[in-house]
1. Name the pairs: first residue in region 173-194 and over 20 Å from Q126 (Cα atoms) and free of Cβ contacts under 8 Å to residues at least 24 places away in the same chain, second residue exposed (fewer than 15 other Cβ atoms within 10 Å of the Cβ) and not polar (S, T, N, Q), Cβ to Cβ under 7 Å, at least 6 apart or on different chains?
2. Could you say which residue among L188, L162, L112, L140 is modelled with pLDDT of 95 or more, aliphatic (A, V, I, L, M) and either in contact with a Lys or Arg (Cβ under 9 Å, 6 or more places away or on another chain) or loosely packed, with under 12 Cβ neighbours inside 10 Å (or both)?
3. Take the residues in region 149-159 that are part of a loop (DSSP other than H, G, I, E, B) and of a type outside the set (S, T, N, Q); name whichever of them is least open to solvent (accessible area, probe 1.4 Å).
4. Return the residues of region 41-79 that are among the aliphatic types (A, V, I, L, M), closer than 27 Å to R147 by Cβ and either touching a Ser or Thr at 6+ places or on another chain (Cβ under 7 Å) or open to solvent by 40 Å² or more (accessible area, probe 1.4 Å) (or both); say none if nothing qualifies.
5. Picking from C148, C125, which residue would you name as being within 13 Å of N160 (Cβ to Cβ) and at pLDDT 95 or above?
6. When you go through (1) crowded, with 18+ Cβ neighbours inside 10 Å; (2) closer than 21 Å to K192 by Cβ one by one for Q131, which number turns out not to apply?
7. Among (1) out of contact with any helix residue (DSSP H, G or I) (no Cβ under 7 Å at 6 or more places or on another chain); (2) over 27 Å from Q22 (Cα atoms); (3) in contact (Cβ under 8 Å) with a residue 60 or more places away in the chain, there is one condition P94 misses while meeting the rest; what is its number?
8. Taking region 15-26 as the search range and keeping residues that are more than 11 Å from the chain's Cα centre (by Cα) and in a strand (DSSP E or B), which one is farthest from I39 (Cα to Cα)?
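The values are calculated or read from the model by the stated rules, or taken from the named source; none is laboratory data. Values in this document were obtained by computation on a predicted structure and should not be read as measured data. So basically every Cβ, Gly included, is an ideal-geometry build from the backbone, and we count neighbours across all protein chains shown. Calculation scope for accessible area: heavy atoms of the full protein, side chains included, ligands and nucleic acids excluded. Shrake-Rupley method; radii C 1.70, N 1.55, O 1.52, S 1.80 Å.
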Amino acid sequence: MLTVFPLLCVPLNNCVYVLIDQATNQAAVIDPGWSATIIQECLDQQQATLAMVLLTHIHFDHLNACDDLLSLTNATDIPIVVSNQAQSVFRKYPNQTQFVEHKQQIWCGESLIHVIHTPGHSKSCQSFYHQPYVFTGDCLFTDRVGRCDLQESNIQSMYNSLEQLKRLPDKTIVYPGHKYKEQTEQTLEEIKQN
């Protein structure tokens, strides 16, 4: 089972998530966009070891602090998990990047995380699901869907991605990539009612 530690990081109100496997204290960090020191402090307080970085997509505000985090935690050889849809453009960590496919499964300690490709905001967007949580990056927020006005955005892909997410259990807790309203996380059921 994973324990979730949400961290709000400025300047773009990014939500960074530290996931810690209760059995092994191995940790995954989702979207280290900013504030590597705050992320490291969370890991230290929980006596957790950084085992991987999971990127919901490769926009700068979701990976900006990755270099600093890897350096601060002496984790320069851990996998950086990126959608295989970014394979032709993502070259930042050639020896660490693990490109994953839709429906692939990843282990963090003894906890299984499911990859769900959720393109729309960008071609390489993906969500990470570990019941009862889903981490949606910039695909789905608690009060809106992600932007589709960028050069690599696709409205039809976004619609298909949202349909996929709707099939998760209603009690799934959605953790988005940014905090745009007071309550950052909500259940899928609550979001559907809005």
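1. Between residues of region 173-194 that are over 20 Å from Q126 (Cα atoms) and free of Cβ contacts under 8 Å to residues at least 24 places away in the same chain and residues that are exposed (fewer than 15 other Cβ atoms within 10 Å of the Cβ) and not polar (S, T, N, Q), the close pairs are E189/D170; E189/K171.
2. L188
3. Among those that are part of a loop (DSSP other than H, G, I, E, B) and of a type outside the set (S, T, N, Q), it is L150.
4. Correct list: I58, A65.
5. Result of the check over C148, C125: C125.
6. Failed condition: (1).
7. (3)
8. Among those that are more than 11 Å from the chain's Cα centre (by Cα) and in a strand (DSSP E or B), it is D21.
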